[in-house]
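Working notes, structure below.
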Amino acid sequence: MGIHTQPDGSVEVHLQRAMYMQQAIKDAMATFEDFATFELSRGEDHYIVKVSDPDPDIDGDLIGEFANFA
């Protein structure tokens, strides 16, 4: 897993396709949709999840919890 902060403040989470199932990522996105905006794309060997507009009231590691759930 790789985490890359973008110039616009969003975060890209790169998840290896060999280790993560696309449906599990979509399920995690649906579960966490109340806490941030998620966009899924597919790279050559990674799924890329762009996370933006996180809820400012969240206390904790949103990206880590999302990746664990996926």
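The values are calculated or read from the model by the stated rules, or taken from the named source; none is laboratory data. Bear in mind that the values here come from a model prediction, so they are computed numbers and not experimental data. Cβ coordinates were reconstructed from backbone atoms using ideal geometry, including for glycine residues, and neighbour counts include every protein chain displayed. Quick note on the areas: whole protein, heavy atoms, side chains included, nothing else; ligands and nucleic acids left out. Shrake-Rupley method; radii C 1.70, N 1.55, O 1.52, S 1.80 Å.
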One point scatterer per Cα, no solvent, Debye formula: log10 I(q)/I(0) for the chain at q = 0.15, 0.16, 0.27, 0.29 Å⁻¹ comes out as -0.42, -0.48, -1.40, -1.58
The long-range amide H neighbours of Y20, using H built 1.01 Å from N in the peptide plane and a cut-off of under 5 Å, are none
GluC sites (Glu not before Pro) in the chain lying in a DSSP loop, each with at most 10 other Cβ atoms within 10 Å of its Cβ, come to E33, E44
Counting only protein heavy atoms with a 1.4 Å probe and every protein chain in place, the carbon and sulfur fraction of the accessible surface of the chain in whole percent equals 46 percent
In degrees, nearest 10, the alpha-carbon axis of helix 22-31 is tilted away from the dominant principal axis of the alpha carbons of the chain by 10 degrees
The answer for the chain, accessible area per residue at 1.4 Å probe in Å², is 66 Å²
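Would you mind counting up the charge near H46? Only other residues with Cβ under 11 Å from its Cβ, with Lys and Arg at +1 and Asp and Glu at -1.
Values: positive: R17, R42; negative: E12, E44, D45.
Spelling it out: positives minus negatives among the neighbours equals -1.
Before rounding to the nearest 500, sum -39500 (n - 2.57) across all DSSP H runs of length at least 4 in the chain and divide by the residue total; then give [θ] at 222 nm in deg cm²/dmol. Mind dumping the intermediate values first?
Working: 2 runs with 18 residues, N = 70.
My calculation for the chain gives -7500 deg cm²/dmol from helical runs alone.
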